Amino acid sequence: MNTPDPYARLRAELAGRRRPGPVRVVEVVGFDGGDVIVRAGEDGAPGRIPAGEVSMRPGGSAREVFEAGQRVEAEEFGVREQDGALLLSARACEIPALRAFLAGLEPGQRVTGTVASVRPFGAFVHVDGEPEGRCTGLIRIPELSSSPVSHPCEVVEAGRRITAEVIVAEPRTGQVSLSLKAVAGDGQDGP
């Protein structure tokens with residue numbers, strides 16, 4: 001007997017909300033605390049790159065990464081309620097090969113890879129085709145198996161080759177959320 005997947009609706013909502021947004025060329029016009037104030041596109045629409053969206057590199061303030069007058073690419077991900085300014089992510093466009101790889105993945109797509117490490121919350125996966133030096137895949141505990149799992153090591157181990165289903169790929173975080181349980185019953189490399 002098949003039991004309904006309590007996470008199916010949540011996965012669908014997550015995939016719909018986190019699709020990559022359009023990329024705009026923006027010009028840095030100033031700083032507001034850790035945020036970068038920009039003008040976006042030909043129309044000069046006001047925009048803001050929040051401090052957490054400035055760079056994937058650890059440390060460094062917005063003023064160390066950008067300077068006034070600089071033009072950069074940034075992914076649009078929303079509109080600020082206070083003033084209608086576009087919210088943008090420079091980190092999503094910082095590594096073009098990573099963005100291209102992640103933007104090319106679709107929810108429901110099957111991917112293969114190698115488990116890089118196992119942590120108490122899930123497993124990190126080197127997805128085939130990802131840029132050199134990156135580890136983009138993450139399978140959280142609820143997506144490892146349709147059976148209860150106390151620790152991910154009950155299902156996977158480092159070095160294991162797997163096939164998983166893409167839940168959502170996120171250039172802003174540099175990761176792709178994967179589901180191993182989605183492929184478990186169809187002869188694939190599930191648990």
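The values are calculated or read from the model by the stated rules, or taken from the named source; none is laboratory data. In this text the structure is predicted, and so the values were computed from the model without any measurement. Note: ideal-geometry Cβ built from the backbone for every residue, glycine included; neighbour counts use all protein chains shown. The accessibility values were calculated without ligands, DNA or RNA, using every heavy atom of the protein model including side chains. Shrake-Rupley method; radii C 1.70, N 1.55, O 1.52, S 1.80 Å.
Residue count for the stretch 93-117, restricted to those that are open to solvent by less than 50 Å² (accessible area, probe 1.4 Å), part of a strand (DSSP E or B) and under 13 Å from Val166 (Cα atoms): 2. Scanning the stretch 56-90 for residues that are open to solvent by 20 Å² or more (accessible area, probe 1.4 Å) and of a type in the set (S, T, N, Q) returns Ser61, Gln70, Gln82. Restricting the stretch 118-133 to residues that are surrounded by 15 or more Cβ atoms within 10 Å (Cβ to Cβ) and under 18 Å from the mean Cα position of the chain (by Cα) leaves a set whose member that is nearest to Met56 (Cα to Cα) is Pro131. Here Pro171 meets each of (1) under 19 Å from Gly21 (Cα atoms); (2) surrounded by fewer than 22 Cβ atoms within 10 Å (Cβ to Cβ); (3) under 17 Å from the mean Cα position of the chain (by Cα); (4) modelled with pLDDT under 95 with one exception, condition (2). Taking first residues from the stretch 21-37 that are among the aromatic types (Phe, Trp, Tyr) and partners that are part of a strand (DSSP E or B), the Cβ contacts under 8 Å between residues at least 6 apart in sequence or on separate chains come to Phe31/Ile37.
When the stretch 134-147 is filtered for residues that are over 16 Å from the mean Cα position of the chain (by Cα) and either of a type in the set (Val, Ile, Thr) or within 23 Å of Arg99 (Cα to Cα) (or both), only Ile141 remains. Within the stretch 32-43, the set of residues being open to solvent by less than 50 Å² (accessible area, probe 1.4 Å), modelled with pLDDT of 85 or more and over 18 Å from Arg99 (Cβ atoms) comprises Gly34, Asp35, Val36, Ile37, Val38.
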